[in-house]
Amino acid sequence: MSLMQIPRKIEYALRAMIYMADRPGGVARGTEIARHEHIPKYYLEKVIRDLMRRGLVQARRGPGGGYQLALPADRITFRDIIEAVEGPIKLNVCTDGSSSCALQPTCRMYRVWEKGQRVLLEVFSDTSLAEIASSKTPADTFAAATEPVALKQ
């Protein structure tokens, strides 16, 4: 079975950015991000360079240095991150506005691709990094529920 799948590069960029967003004003070392998010270090460095070029991440040198968000997490969207590492989002070649498909004038699928493109961009544009960073994972919820509760005496 074949899947429509988000490229690994996008997944790594999103995970790294969420990790940094969990540290407001803080700095995360590359090795720390790579280890915690299970991203190969060499790949993380490439992704971080792309994010830095787009002004989403900044590096701090010296002791205590590392990477941090260049903007507040509520001003960074999934779309910003995805386009920083992969370029413009296109569901299909015909949705980029270039009319590069010879079948477009008579294509009965075009409406579906166009609608899918619009919805996809809307979801990615409306999803902020802060929104995702503030959400809890099922593992976080489980850990909180199983923590011992101190009894008042």
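Rule-based calculations on the coordinates, nothing more; no lab input. These numbers were taken from a predicted model, which means no experiment stands behind them. Ideal geometry is used to build each Cβ from the backbone, glycine not excepted, and the neighbour counts take in all protein chains shown.
Straight-line reach only, C-alpha to C-alpha below 20 angstrom: list the aspartates and glutamates that Lys46 could link to, leaving out same-chain residues fewer than 8 apart.
Glu11, Glu32, Glu37, Asp80, Glu83, Glu86
Return a whole-number percent for the relative contact order of the stretch 8-134, with Cα pairs under 8 Å and 6 or more residues apart as the contact set.
Reported as a whole number, the value is 29 percent.
Given 0.36 nm per residue, what is the gain on full extension from Arg118 to Ser135 after removing their alpha carbon distance, in nm? Working shown, then result.
Details: separation 17, 0.36 × 17 = 6.12 nm, distance 2.52 nm.
The Arg118-Ser135 span can extend by a further 3.6 nm.
Over the Cα atoms of the stretch 1-117, each weighted equally, I'd like the Debye log10 I(q)/I(0) at q = 0.11, 0.20, 0.21, 0.22 Å⁻¹, rounded to two decimals.
Listed by q, the Debye log ratios stand at -0.46, -1.02, -1.09, -1.17.
Which entries of Lys9/Lys41; Lys41/Lys90; Lys9/Lys115 have Cα-Cα distances beyond 21 Å here?
On the way: Lys9/Lys41 12 Å; Lys41/Lys90 28 Å; Lys9/Lys115 25 Å.
Lys41/Lys90; Lys9/Lys115, as the Cα separations exceed 21 Å there.
To make sure I understand, if each residue's beta carbon is the centre and we count other beta carbons within 10 Å, what order do Asp126, Asp50 fall in, fewest to most?
Working: Asp126 11, Asp50 18.
Least to most surrounded, the residues fall as Asp126, Asp50.
From the phi of every residue in the stretch 90-96, what ³J(HN,Hα) in whole Hz does the Karplus formula 6.51 cos²θ - 1.76 cosθ + 1.60 yield, where θ is phi - 60° and glycine or proline is x?
Calculated HN-Hα couplings, in order: 9, 5, 8, 4, 7, 8, 8 Hz.
By how many nm would the segment from Lys46 to Asp74 grow when fully extended, if each residue of separation counts as 0.36 nm and the alpha-carbon distance is taken off?
Working it through step by step, the gained length comes to 7.7 nm.
Take the Cβ-Cβ distance between Arg108 and Arg54 as r, set R0 to 41 Å, and report the resulting FRET efficiency rounded to the nearest 0.05. Present the calculation step by step, with values, prior to reporting the outcome.
On the way: r = 37 Å, r/R0 = 0.90.
The pair Arg108/Arg54 has a calculated efficiency of 0.65.
Quick one: order Thr95, Thr127, Thr31, Thr77 by neighbouring beta-carbon count within 10 Å, fewest to most.
Working: Thr95 21, Thr127 15, Thr31 11, Thr77 18.
Least crowded to most crowded, the residues run Thr31, Thr127, Thr77, Thr95.
Relative contact order, percent, of the stretch 59-114 when contacts are C-alpha pairs under 8 Å separated by at least 6 residues? The partial results should precede the final answer.
Details: 22 pairs, mean separation 10.4, N = 56.
The value is 19 percent.
Fewest Cβ neighbours within 10 Å first, please rank Arg118, Arg61 accordingly. Walk me through the intermediate numbers first.
Details: Arg118 12, Arg61 7.
In order of increasing Cβ crowding within 10 Å: Arg61, Arg118.
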